[in-house]
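Inspection log for the structure reproduced underneath, given as structure tokens.
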Amino acid sequence: MEMDHLLSTSSETIDHIQTKAKGPEGKLPLTDAMLRNSPSGDLFGLSQNVGMGWSPNNLRGKEILLLSTQGGMKDSNGFPIALGYHTGHWEVDQLMKEAAIEINRAGGIPFAAYVSDPCDGRSQGTRGMFDSFPYRNDAAIVYRRLIRSLPTRKAVVGIATCDKGLPAMMLALASMHDLPTVIIPGGVTLPPEYGEDAGKIQTIGARYSANEITLEEAAELGCRACATPGGGCQFLGTAATAQVISEALGLSLPHSALAPSGQDIWREMARNSARAVIEMEKMRVTTKDILTDASIHNAMVVHAAFGGSTNLLLHIPAIAHAAGCTIPTVDDWIKVNRQTPRLVSVLPNGPEYHPTIRAYLAGGVPEVMLHLRNLGLLNEDVMTVTGKTLRENLDWWEQSERRKQMKNRLKMADGIDASEVIMSKEQAKKKGMTSTITFPTGNIAPEGSVIKSTSIDKEKIDENGIFYHKAEVKVFTSERDGIRAIRQGRIAAGDIMIVSGCGPLGTGMEETYQLTSALKHLSFGKHVTLITDARFSGVSTGACIGHVGPEGLADGPIGKLRDGDVVEVKIDTVNLEGRVNFLGTKDTPVSPEEGTQILRQRQQNNIKPADGLPDDTRLWAALQKVSGGTWRGSVYDVDRIIEVLEAGEKALGKSENEVEVL
């Protein structure tokens, strides 16, 4: 391309270049004390404020920072100029605007900053997934730096929706112990009137390859899946579960999670949240008053009652770490899940596959909490962003007109009774609903593993609630090899798939939703078991065991299994107990104890970090590993990291000295 064409500029444009301007009129509201005592940054900040167009007469209000995951760009009519990564951050600019107007109306000064977020659905099966989980820690760091970089802010509002952006926001705000903070959940998208939800639609490649849908069906269904332009996906995946957890922690207003994006009730929630943070600042209620061991426990209980995404096992411990609370252990998770019945019937768990908008209309988080309160499973004395305790919030909800109107709207719009979506313990039991998560151990997973046992196909569970599968395994050392085998017809009913080398050290602990979704929606998939050291998407279901520890690249036994090895899987979905054991081969069976010894003596399979694994992800994997790994939430334990680095420096220094002596 010619340079004159590339840098074409009219003479008229050049003639209109200005070299000076009058500047804002008026005077800054300075005082003698401010000029003598205030940091220069505070004073220059006022100049910056009026430079951006804020009236110098309105600079005395309290400054409140709005942080969001907004992505994409629209014209004045709301049409796309540049796309975002996903619907979950496409409309949150509206929430920012509503909150900002409310703060302005109250005499405050809103500031807005943005750190957008990736889409796990968009990066499934690609190298983009190598950055998915590590993004969370990086974004939380940037959010914290932005908060601290506005030293004059009096409170912070976080606005986020989806799988990594909302957990990152919760981590960041949890660290602001002495500031009032509120989270505005970004809501959900609606399902199409006819078609498939955003989880099932991600399997069109696998189903087409298996001749279970046509090209025309795939194209048409794929076009409709995201029926409205904003909000998280229509199922209780990681995005929706994170919204639920934000509210359960007390960081969001009652009945704010899962609101329909773009609608008036959703915008109203942003205005109410802005008023709440203003009141918190007046009452001097801060994040440390809300995030306590008791509120972390409540969040775990609500997670179990909803049947939430297993990814929150990575995020809730990280939030606890950021808040300075006790980090829940595997034993804590087991105890909570044994005590807490699952009460919500939604996608992807069922038994009835209601979209998340119906869970919202059925009463959402406060409705579920009413049932949990009746079971004595909640600590009701915890403080929330309303400035009231959970007990006071639930007392209000129980008698509120809003509760009645929401349920009536669900009945009128969809013909569904609220009790069909959110149930009592007795109703849920009659429906055959079981508790959410089991943590299998065994000689393949000596440090543990995770399965969403509530979503195993009921056909595969016996009358005692036991899932059992024993078979020769087919071993894969990447998700890509596994999905290729499925699409090429090399996986059949009765197989056990082993996918190793996909933990933090291998891929940044990628999601393997390509595999789990294909197995869910292919006709034979319910008869296949998947075992991996990777993690799963929040919408994953089936006999899928993940988070296997140690991971293959950390010399874990899962990385030593071979094609033809016999593996036995037994999951008790009632008592939430499970075992995953290598039992030799068909010709040479062994006991679990003998299998342990065989695996210890074997060499690791040909697994290695994925080609193209970014240095950023390799660094994240190393830092979270020395900080306690995935069972502590893959956090950065700074004291521990510094301790390891100092020990390493000393060891390296000693080695260098020994070389010099020689």
Exercise for the section: Measure up LYS164/LYS407; LYS27/LYS62; LYS625/LYS654; LYS429/LYS460; LYS154/LYS288; LYS474/LYS625 against 22 Å on the Cα-Cα distance and list the ones that go over. Expected result: LYS164/LYS407; LYS625/LYS654; LYS474/LYS625
Problem - Highest average packing first - 278-291, 498-511, Cβ atoms within 10 Å - result: 498-511, 278-291
Practice task
Relative to the compact-globule scaling 2.2 N^0.38 Å, provide the ratio for the alpha-carbon radius of gyration of the stretch 562-628.
Solution key: 1.57
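Give the percent of DSSP beta bridges with both residues in the chain that are antiparallel, rounded to the nearest 5.
Here the antiparallel bridges make up roughly 45 percent for the chain.
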Exercise for the section: Return the long-range amide H neighbours of PHE111 (sequence gap of 5 or more, or a different chain), with a cut-off of under 5 Å between placed amide H atoms. Expected result: ILE64, LEU65, LEU66
Practice task
Could you let me know the centre-to-centre spacing of the stretch 485-564 and the stretch 77-147, using Cα atoms, in angstrom?
Solution key: 31 Å
Completion exercise
In Å, the Kirkwood hydrodynamic radius from C-alpha pairs for the stretch 1-129 sits at 19.1 Å
Practice task
Return the carbon/sulfur percentage of the accessible area of the stretch 280-392, one whole number, probe 1.4 Å, all protein chains in place.
Solution key: 48 percent
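Find the accessible area per residue for the stretch 463-588; the probe is 1.4 Å, ligands and nucleic acids are left out, and the unit is Å².
Working: 4000 Å² over 126 residues.
In whole numbers, the stretch 463-588 has 32 Å² accessible per residue.
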Handout entry: Antiparallel DSSP beta bridges within the stretch 4-154, percent to nearest 5
Key = 20 percent
Practice task
Can you tell me the order of 387-400, 189-202 when each peptide is scored by its average per-residue count of other Cβ atoms within 10 angstrom, highest first?
Solution key: 189-202, 387-400
Completion exercise
Tilt, helix 364-374 to longest principal axis of the chain (alpha-carbon atoms), in degrees rounded to tens, equals 60 degrees
Problem - Expected-Rg normalisation [2.2 N^0.38 Å, Cα atoms] applied to the stretch 135-244 - result: 1.41
Problem - Expected-Rg normalisation [2.2 N^0.38 Å, Cα atoms] applied to the stretch 206-254 - result: 1.71
Exercise for the section: Choose one of GLY158, PRO56, CYS119: the residue whose Cα lies farthest towards the positive end of the charge dipole of the stretch 42-171 (beta-carbon charges +1 Lys, Arg; -1 Asp, Glu; about the Cα centre). Expected result: PRO56
Problem - 0 to 90° range, to nearest 10: angle between helix 40-51 axis and the chain longest Cα axis - result: 80 degrees
Fill in the blank from the handout: Taking protein heavy atoms only, a 1.4 Å probe, and rounding to whole percent, the accessible area of the stretch 21-83 owed to carbon and sulfur comes out at 55 percent
Handout entry: Between 0 and 90°, nearest 10: helix 615-626 axis offset from the chain longest Cα axis
Key = 70 degrees
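Could you do me a favour and compute the accessible area per residue for the stretch 295-387, 1.4 Å probe, result in Å²?
25 Å²
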Problem - Derived scalar couplings ³J(HN,Hα) [the stretch 496-509; Karplus, 6.51 cos²θ - 1.76 cosθ + 1.60; whole Hz; x for Gly, Pro] - result: 10, 9, 10, 10, 10, x, 10, x, x, 6, x, 9, x, 6
Problem - Unsatisfied cross-links (Cα-Cα over 19 Å) in the set LYS470/LYS570; LYS22/LYS97; LYS452/LYS586; LYS452/LYS608; LYS200/LYS520 - result: LYS22/LYS97; LYS452/LYS586; LYS452/LYS608
Handout entry: Evaluated over the stretch 257-309, the Cα radius of gyration and Dmax, each in Å
Key = 14.5, 37
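The values are calculated or read from the model by the stated rules, or taken from the named source; none is laboratory data. Not measured: the values here are computed from a predicted model. Don't worry about glycine lacking a Cβ; one is built from the backbone with ideal geometry, like all the others, and counts go over all protein chains shown. Accessible surface areas use protein heavy atoms only, side chains included; no ligands, DNA or RNA. Shrake-Rupley method; radii C 1.70, N 1.55, O 1.52, S 1.80 Å.
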